[in-house]
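Below is one structure, written out as structure tokens; the observations come after it.
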Amino acid sequence: MLRLERLRRDHAPALLAFEQENQEYFTRSVPDRGDAYFVEFSSRHRALLAEQEAGLCHFHVVLDEQGDLIGRVNLVDVEGGAAELGYRIGERAAGRGIATAAVGEACRLAVAAYRLSALRAVTTLDNPASMTVLERNGFTAVEDISIDGRPGIAYRRQLGATR
């Protein structure tokens, strides 16, 4: 059983360790954040908390049964009742349905806690697992796009009833 927790200041050490542990794994399917991300992690974490406090974004960590941080799910650029969904599940937890469950829970929170009416998401075409997660959670492909020079696809989900 997994749970999502709203990002807090005390998540910083576990979140940094998670990102460092999975950096190489993530860069196989998403654009690399680069070394500056890790050097500036503390100030970046504080900035994310400030954005969340202002209602501009909703950041979550994904915890497993033991309380270990195994992923993150974020709703960013909140405006006009919509937000962009982004998520990362660590390599140790991949392939077990965790991303599908975590995105499903984020969709439920988007309606129940944040009163959002639509979500957007993007992924590269060479990331079929991410496309599957989105489609299993009711997202519909709406547009071919480019993500850092790689072919991608944009998705959208109207909210209102949780899945």
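Is it fair to say Gly67 is closer than 18 Å to Ile98 by Cα, open to solvent by 20 Å² or more (accessible area, probe 1.4 Å), out of contact with any Leu (no Cβ under 7 Å at 6 or more places or on another chain) and assigned to a loop (DSSP other than H, G, I, E, B)?
Criteria met by Gly67.
Residues to consider are Ala54, Ala50, Ala102, Ala94; find the one that is touching a strand residue (DSSP E or B) at 6+ places or on another chain (Cβ under 6 Å) and aliphatic (A, V, I, L, M).
That would be Ala102, the only listed residue that is touching a strand residue (DSSP E or B) at 6+ places or on another chain (Cβ under 6 Å) and aliphatic (A, V, I, L, M).
For the range 1-24, enumerate the residues that are open to solvent by 60 Å² or more (accessible area, probe 1.4 Å) and either among the small types (Gly, Ala, Ser) or in a helix (DSSP H, G or I) (or both).
Once the filter is applied, which keeps residues that are open to solvent by 60 Å² or more (accessible area, probe 1.4 Å) and either among the small types (Gly, Ala, Ser) or in a helix (DSSP H, G or I) (or both), the range 1-24 yields Arg9, Asp10, Pro13, Gln20, Glu21, Glu24.
Can you run down the residue pairs with Cβ atoms below 8 Å, 6 or more apart or on separate chains, where the first is in the range 80-95 and closer than 12 Å to Phe26 by Cα and in contact (Cβ under 8 Å) with a residue 40 or more places away in the chain and the partner is in a loop (DSSP other than H, G, I, E, B) and not polar (S, T, N, Q)?
Arg88/Val30
Please give the strands (runs of 3 or more DSSP E) falling wholly within the range 104-163 in which 2 or more residues are loosely packed, with under 12 Cβ neighbours inside 10 Å.
140-147
Taking the options Leu16, Leu4, Leu48, name whichever one is in contact with an Asp or Glu (Cβ under 6 Å, 6 or more places away or on another chain), at negative phi and either at pLDDT below 90 or not charged (D, E, K, R) (or both).
Of the residues listed, the single one that is in contact with an Asp or Glu (Cβ under 6 Å, 6 or more places away or on another chain), at negative phi and either at pLDDT below 90 or not charged (D, E, K, R) (or both) is Leu4.
So how many residues does the range 29-45 have that are at pLDDT below 75 and either among the polar types (S, T, N, Q) or exposed (fewer than 14 other Cβ atoms within 10 Å of the Cβ) (or both)?
4
When you scan the range 86-99, how many residues do you find that are crowded, with 17+ Cβ neighbours inside 10 Å and either assigned to a helix (DSSP H, G or I) or in contact with a Lys or Arg (Cβ under 7 Å, 6 or more places away or on another chain) (or both)? Give the derivation first.
To start, the set of residues in the range 86-99 that are crowded, with 17+ Cβ neighbours inside 10 Å comprises 86-90, 93, 98-99.
Then keep just the ones that are either assigned to a helix (DSSP H, G or I) or in contact with a Lys or Arg (Cβ under 7 Å, 6 or more places away or on another chain) (or both); that gives 87-88, 93, 98-99.
So the count comes out to 5.
The values are calculated or read from the model by the stated rules, or taken from the named source; none is laboratory data. As the structure is a computational prediction, the values presented were derived from the model and not from experiment. Glycine also receives a Cβ, built like all others from the backbone with ideal geometry; neighbour counts cover every protein chain displayed. With ligands, DNA and RNA removed, areas are computed over all heavy atoms of the protein, side chains included. Shrake-Rupley method; radii C 1.70, N 1.55, O 1.52, S 1.80 Å.
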